[in-house]
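Here the structure comes first, spelled out in structure tokens, and everything after it is commentary.
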């Protein structure tokens with residue numbers, strides 16, 4: 001019987017995943033990562049997070065309900081170092097981070113997968129909405145979009161390595177969210193009607209600016225808001241409080257809409273411009289991770305997403321070296337944001353992904 005470790009957050013998706021694994025005949029152990037309570041405000045009861053004690057208790061009760069052993073592991077220090085510190089530092093230098101991407105790679109399929117192997121588990125199962133397949137000829141493990149496109153999480157998994165994908169099971173990729181809810185009711189799970197958790201699990205009220213101000217007030221300094229010609233239009237409260245494409249909260253009155261087009265942390269300036277100033281034809285990408293292909297040796301065509309909630313656009317990806325490339329879009333893209341992850345698709349399959357350096361190619 002194949003031993004599987006199931007990552008259980010206390011939500012409906014991971015609960016159903018555990019139940020499916022049991023039904024499929026696996027030797028299942030449930031595990032929850034204790035990530036601490038790094039925030040300073042109470043969790044919104046309408047938007048629970050996976051880091052809460054309530055979530056851990058729900059996971060434990062579901063495990064008892066379906067008859068599997070359950071353990072908790074304390075990853076507070078690791079989470080702070082790998083995710084929270086990264087999140088804060090990216091904003092400090094004028095980039096917009098992708099914490100879920102890093103968490104999947106470093107914790108859920110990093111530290112947790114290491115633990116699974118130490119327990120002689122052959123795989124780790126999660127409640128992600130994505131599909132994993134093995135190519136019949138190349139043997140490479142492929143990452144495919146979820147059957148339910150509205151819930152697809154392949155974007156957040158594009159940094160996973162071949163070894164991580166080989167050891168990953170994601171049964172929910174074959175189902176719609178509605179079907180998963182119905183399965184939870186069929187199994188009579190206590191989490192069947194539990195609402196969706198919030199995206200940033202460690203920012204209790206989803207207000208990342210308040211989160212940064214609470215943690216690093218001494219590192220946040222105000223400066224000038226300037227236009228693309230360098231003219232000073234006003235003052236800002238700190239570069240980390242802004243992101244490319246932002247319109248609201250600028251405090252400017254110039255008779256026309258203005259948007260953040262660039263952040264200069266070293267100069268402590270926020271550059272603003274008009275809507276068309278956000279359009280770019282290309283971008284520089286580094287730290288590329290390839291999934292469907294082994295290497296990028298010549299230009300390829302792909303459908304490229306520049307953020308998680310992006311429909312994407314057709315582009316040509318030209319390698320600079322093994323880990324960097326220039327992406328040239330067929331049509332200009334709006335608000336390409338340094339620090340964000342970008343993911344390359346061939347239809348439903350993920351070719352790979354990387355991190356946006358900038359548009360100065």
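Of the residues making up segment 317-361, those that are touching a residue at least 60 places away in the same chain (Cβ under 8 Å) and either touching a helix residue (DSSP H, G or I) at 6+ places or on another chain (Cβ under 6 Å) or farther than 28 Å from residue 129 by Cβ (or both) are 334, 335, 339, 341, 343, 350, 357, 358, 359, 360, 361.
Only one of the numbered conditions (1) within 25 Å of the chain's Cα centre (by Cα); (2) touching a residue at least 24 places away in the same chain (Cβ under 8 Å); (3) in a loop (DSSP other than H, G, I, E, B); (4) closer than 24 Å to residue 97 by Cα is violated by residue 267, and that is (1).
Within segment 270-295, being farther than 30 Å from residue 225 by Cβ and not in a strand (DSSP E or B) holds for 291, 292, 293, 294, 295. From the list 111, 117, 145, the lone residue that is assigned by TED's automatic domain parsing to the domain that holds residue 31 and either surrounded by 19 or more Cβ atoms within 10 Å (Cβ to Cβ) or more than 24 Å from residue 33 (Cα to Cα) (or both) is 145. From the list 131, 95, the lone residue that is within 30 Å of residue 210 (Cα to Cα) and either crowded, with 20+ Cβ neighbours inside 10 Å or out of contact with any helix residue (DSSP H, G or I) (no Cβ under 7 Å at 6 or more places or on another chain) (or both) is 95.
Scan segment 246-264 for residues that are over 20 Å from residue 211 (Cβ atoms) and within 24 Å of the chain's Cα centre (by Cα) and the total you get is 3. Within this structure, residue 309 fails the test of being touching a residue at least 24 places away in the same chain (Cβ under 8 Å), within 24 Å of residue 94 (Cα to Cα) and not assigned by TED's automatic domain parsing to the domain that holds residue 134.
Residue-wise test of (1) within 19 Å of residue 161 (Cα to Cα); (2) surrounded by fewer than 20 Cβ atoms within 10 Å (Cβ to Cβ).
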residue: 257; (1), (2): no, yes
residue: 290; (1), (2): yes, no
residue: 308; (1), (2): no, yes
residue: 337; (1), (2): no, no
residue: 341; (1), (2): yes, no
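Would you be able to say whether some residue in segment 70-82 is under 16 Å from the mean Cα position of the chain (by Cα) and buried (at least 18 other Cβ atoms within 10 Å of the Cβ)? So far as segment 70-82 goes, yes, one or more of its residues are under 16 Å from the mean Cα position of the chain (by Cα) and buried (at least 18 other Cβ atoms within 10 Å of the Cβ).
Scanning segment 5-36 for residues that are part of a helix (DSSP H, G or I), touching a residue at least 40 places away in the same chain (Cβ under 8 Å) and more than 21 Å from the chain's Cα centre (by Cα) gives 16, 18, 19, 20, 21, 22.
Do we have residue 159 as more than 22 Å from the chain's Cα centre (by Cα) and in contact (Cβ under 8 Å) with a residue 40 or more places away in the chain here?
Working: more than 22 Å from the chain's Cα centre (by Cα): no; in contact (Cβ under 8 Å) with a residue 40 or more places away in the chain: yes.
Answer is no for this residue.
Residue-by-condition table, conditions (1) surrounded by 16 or more Cβ atoms within 10 Å (Cβ to Cβ); (2) under 22 Å from the mean Cα position of the chain (by Cα); (3) without any contact (Cβ under 8 Å) to a residue 24 or more places away in the chain; (4) assigned by TED's automatic domain parsing to the domain that holds residue 61:
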position: 172; (1), (2), (3), (4): yes, yes, no, yes
position: 178; (1), (2), (3), (4): no, no, yes, yes
position: 181; (1), (2), (3), (4): yes, no, no, yes
position: 197; (1), (2), (3), (4): yes, yes, no, no
position: 214; (1), (2), (3), (4): no, no, no, no
position: 226; (1), (2), (3), (4): yes, no, no, no
position: 229; (1), (2), (3), (4): no, no, yes, no
position: 237; (1), (2), (3), (4): yes, no, yes, no
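For segment 205-212, check the following and say yes or no: at least one residue is outside the structural domain of residue 105 (by TED's automatic domain parsing) and over 30 Å from residue 57 (Cβ atoms).
Of the residues in segment 205-212, the ones outside the structural domain of residue 105 (by TED's automatic domain parsing) are 205-212.
With over 30 Å from residue 57 (Cβ atoms) added as a condition, the list becomes 209.
Within segment 205-212, one or more residues are outside the structural domain of residue 105 (by TED's automatic domain parsing) and over 30 Å from residue 57 (Cβ atoms).
The values are calculated or read from the model by the stated rules, or taken from the named source; none is laboratory data. Note that the structure is predicted; figures quoted are calculated from it, not measured. Reconstructed Cβ throughout: ideal geometry from the backbone, glycine too, with neighbour counts over all protein chains shown.
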